Amino acid sequence: MKLRNALIWFAALLVGGSAAKASTPPFPDWVVQAAAAPVAEHPSDARAIVLLEDKLITVQPDGRSVERYRMVVKILRPRGREYAVPYAWFSNDAKLLSFHVWSMGPDGHQYTMKDAEYRQEGAEGGGLLYEDERFKIASPPGADPGGVVAYEYERQVRPYMTEETWGFQNPIPTVRSVFELDLPQGWSHLAVWFKHDSVQPTELAPGHFRWELTNLPEIDLEDVPLAPSELALAGRMVVHYSPQPLPQGDALWAKIGNWYQNLAAPSSEGTSEIATKSRTLASTDADFTQRIQKVATFLQEEIRYVGIEIGIGGFKPHPATEVFHNRYGDCKDKATLLIAMLDAVGVRSTWVLVDTHRGFIDPHVPSVDGNHAIAAIEIPKGYDNPLLKAVVTAKTGKKYLIFDPTNPYVSIGLLPSYLQGGFGILVAGNDSEVIELPVLQPGSDSTTRAAKFELAADGTLKGTVTVTNSGASASRLREFYAANGDKERLARLEETLRHDFSSFSVGSQSVQHVRDLDQQLSLQYDVTATSYAKNAGTLLLVRPRIVGSDVEPLNDNPRKYPIEFKALGEWKDSFDVRLPAGYSVDEVPDPVNLDVGFATYRSDVKVEGDTLRYSREYVLKKLDLAPAEYAELKKFEATINTDENRSAVLKKQ
């Protein structure tokens, strides 16, 4: 869903092009001035630096707008070239009016590229079969360390847009960022800020406003474990403009939701064919959960994710009848067909506009910005079913089940981990509002490993392991197993086991319930590990934690960004190891019990007859941590790592 142009930087491998030395038109003064301006302090390992980023939005009295954009980047290191790729996207309703590229080589030579030296490329990826956005891109000369690349374009703003985002913080340092808004007489504007204090503009002329920020730090997430999305960290300003007075806060969210409902609602009109199909899946008098499960399964299994987005089609869904007949659609199309089919069996539902980067949508920053559309299914008053976990309550008191029909591997009642804890716009006409998406409790997302092993006197370990996964996080495994055959499945398992064994072989393996979303995903395999237990004279050392580790790799770098986990969850292990004949247990690791608030961990090793029994449970209870909690997280994980590698001591009788 094209609710946000997610291209902050268009980095690609470009073939080199020739260029003419600048003579006519003259090399722009604003490029020369930006290149000559003092550069503020920046990290010593910075790859490149933005010397100037300048955006001007000019709004005409009829509401149509034009954007003029300028960028000047200095390359500091070879890897900085990727941040100095001139590009401009355009489409049928956002026509590119002009595009110019200049550069200065490390030796100071100035170049102006010719129109014939630019290339056009189409937007790719994201599951879209076709969209009308294209890119004009260039490979300027002199794009080497010490060189400067600059470009400027003018483009029509989509005529249905009445807001603009100024993304002033980049993956590299920015010396100067400017945003200007030139409005017709009598128009209003409202600016809302994300990750930056509000800054008042200078009014250069009546209705012409200018914001300027300098010396902005980069958002550098390289070598940052458990990092949030860059989009959730980078500062931005969203400015709304209108010929009428603009509402604020919740009222502005309601205005945005109302706009989308008026745009999308006609597409959700069902037909008799859709109604007939829906009622063959579930009767109108069936249990509520049964009705929504049947329709949801149809959407997940029968309607492929394929997008065709042209113009306002990036926002407006195709008619439900087209999606039903074609058996494909993008996220908003699938949500729209779901709405039509549920309506046919007596269930009301609506759209929720979201973003798959947790933290990008902020309740204090009303905006249509986002990249995904899902559904909110109204739950009958007084109805309750423990299977329906992803539930929110709107300000109206209505309860809604939040569901992503685009994801074919997460059952209705749950919510994909990439959406949990984020925000979205509940589209409900004048009652539209921003809602916080549910965070499912740890017990809703679990991994269980159970195994029985036999240990030989020479240290060889042989046994059968069963791993069961339930909850939204299992979707990644379900997708992998659904898309790959035995060869790829074995390769993945072997890669995992290399973390646990130095020498091993895998016997038979089987996977159950890959597409049965109401069942636990189950993997069972046989494994033999030679020299698993280590001889120490008459003693045999064996690690009770045989397979699996559930901690994330961390590092000792200073932490300035929040810590973000994928999802809450619980991981449980239960391993039995039958001892070799003639051996008994001399010593076992002490039990461990940790509770750090955001997580708990316990492990225990017991001896019952000739069997060593190991159990462990790790529960993650909090989705996000502050940077100041990083030290505590490292200490917690260090204790777990130590415990995971402790040995039991067996002695020869």
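The values are calculated or read from the model by the stated rules, or taken from the named source; none is laboratory data. Keep in mind it's a predicted model, so treat the numbers as computed, not measured. Methodologically, a virtual Cβ is constructed for each residue, glycine included, from the backbone with ideal geometry; neighbour enumeration extends over all protein chains shown. What goes into the accessible areas is simple: the full protein's heavy atoms, side chains included, and nothing from ligands, DNA or RNA. Shrake-Rupley method; radii C 1.70, N 1.55, O 1.52, S 1.80 Å.
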- Hey, how much of the P(r) for region 196-337 falls beyond 23 Å, as a percent of Cα pairs? 62 percent
- Task: Return the aspartates and glutamates within reach of Lys398: Cα separation strictly under 16 angstrom, same-chain partners fewer than 8 residues apart disregarded; answer none if there are no such residues.
- Result: Glu378, Asp384, Asp431, Glu433, Glu436
- Message: I'd like the carbon and sulfur percentage of the solvent accessible area for region 152-244, probe radius 1.4 Å, heavy atoms only, ligands and nucleic acids excluded.
- Response: 44 percent
- Query: For region 298-408, what's the radius of gyration and Dmax over Cα atoms, in angstrom?
  - Reply: 14.5, 43
- Query: How far is the Cα center of region 613-653 from the Cα center of region 59-109, in Å?
  - Reply: 50 Å
- Task: Return one number: the angle in degrees, 0 to 90 and rounded to the nearest 10, between the long axis of the Cα atoms of helix 272-281 and the longest principal axis of the Cα atoms of the chain.
- Result: 20 degrees
- Message: Sorting check: for 287-297, 333-343, which peptide has the highest mean count of neighbouring beta carbons within 10 Å, and how do the rest follow?
- Response: 333-343, 287-297
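Give the ranking of Ser198, Ser647, Ser229 by solvent-accessible surface, highest area first, calculated with a 1.4 Å probe.
Numbers: Ser198 80, Ser647 55, Ser229 25 Å².
Listed by decreasing accessible area, they come as Ser198, Ser647, Ser229.
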- Just order 30-39, 431-440 by mean Cβ neighbour count inside 10 Å, highest at the front, would you? 431-440, 30-39
- Query: Using the alpha carbon gyration tensor of region 338-468, what are the three equivalent-ellipsoid semi-axes (square root of 5 times each eigenvalue), largest first, in whole Å?
  - Reply: 39, 18, 13
- Item | Acute angle (nearest 10 degrees) that the helix 486-497 long axis makes with the longest principal axis of the chain, alpha-carbon atoms | 80 degrees
- Note on the structure: Taking only the alpha-carbon positions of region 545-652 as identical scatterers, the Debye log10 I(q)/I(0) at q = 0.10, 0.15, 0.21 Å⁻¹ comes out as -0.36, -0.69, -1.11
- Under the rule of -39500 (n - 2.57) per DSSP H run of 4 or more residues, summed and divided by the residues of the chain, what mean residue ellipticity at 222 nm is obtained, to the nearest 500 deg cm²/dmol? -5000 deg cm²/dmol
- Message: Could you report the accessible area of Leu387 in Å², rounded to 10, computed with a 1.4 Å probe on the protein chains as they sit in the structure?
- Response: 100 Å²
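Tally up the carbon and sulfur contribution to the accessible surface of region 388-495 as a whole percent, 1.4 Å probe, everything protein left in place. Write out the running numbers ahead of the final one.
On the way: 2020 of 4230 Å².
The C+S portion of the solvent-accessible surface of region 388-495 is 48 percent.
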- Taking the Cα atoms of the chain, report the difference between the largest and smallest coordinate on each principal axis, in whole Å and largest first. 92, 71, 42
- When the accessible area of region 312-353 is computed with all protein chains present and a 1.4 Å probe, what percentage of it is carbon and sulfur? 46 percent
- Item | Relative contact order (%) - criterion: Cα under 8 Å, at least six apart; region: region 251-374 | 28 percent
- Item | FRET efficiency for Lys195 and Ser505, using Cβ-Cβ distance with R0 set to 35 Å, rounded to 0.05 | 0.10
- Relative to the present Cα-Cα distance, how much length would full extension add between Val306 and Thr538 at 0.36 nm per residue of separation? 77.1 nm
- Say each of Asn92 and Thr276 gets a label point 7 Å from the Cα, pointing the same way as Cα to Cβ; how far apart are those two points in nm? 3.2 nm
- Applying the Karplus parametrisation 6.51 cos²θ - 1.76 cosθ + 1.60 with θ = phi - 60° to the phi angles of region 645-653, what ³J(HN,Hα) value in whole Hz is obtained for each residue in order, glycine and proline being reported as x? 9, 6, 10, 8, 10, 9, 10, 7, 6
- Note on the structure: Correct semi-axes for region 42-148, from √(5λ) of the alpha-carbon gyration tensor and rounded to whole Å with the largest first, are 28, 18, 15
- Query: From the cross-link list Lys606/Lys635; Lys74/Lys635; Lys294/Lys395; Lys381/Lys572, which pairs have alpha carbons spaced over 31 Å apart?
  - Reply: Lys74/Lys635; Lys381/Lys572
- Whole-number D in µm²/s for region 73-228 (Stokes-Einstein; Kirkwood sum over Cα pairs; 37 °C, 0.692 mPa s): 178 µm²/s
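Would you mind getting the accessible area per residue of the chain, heavy atoms of the protein chains only, 1.4 Å probe, in Å²? Let's see the in-between values first.
Numbers: 28960 Å² over 653 residues.
Result: 44 Å² per residue.
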- Using a 1.4 Å probe on heavy atoms of the protein chains only, the accessible area for Lys652 in Å², nearest 10, reads 130 Å²
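Gain in length, Ala482 to Glu632, computed as 0.36 nm per residue apart minus the alpha-carbon separation, to one decimal in nm?
Values: separation 150, 0.36 × 150 = 54.00 nm, distance 3.85 nm.
Length gained, Ala482 through Glu632: 50.2 nm.
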- Can you give the percent of C-alpha pairs in region 403-562 whose distance is more than 21 Å? 60 percent
- Listed by chain and number, the aspartates and glutamates with an alpha carbon less than 17 angstrom from that of Lys277, same-chain partners under 8 positions apart left out, are Glu269, Asp285, Glu301, Glu302, Glu322, Asp343
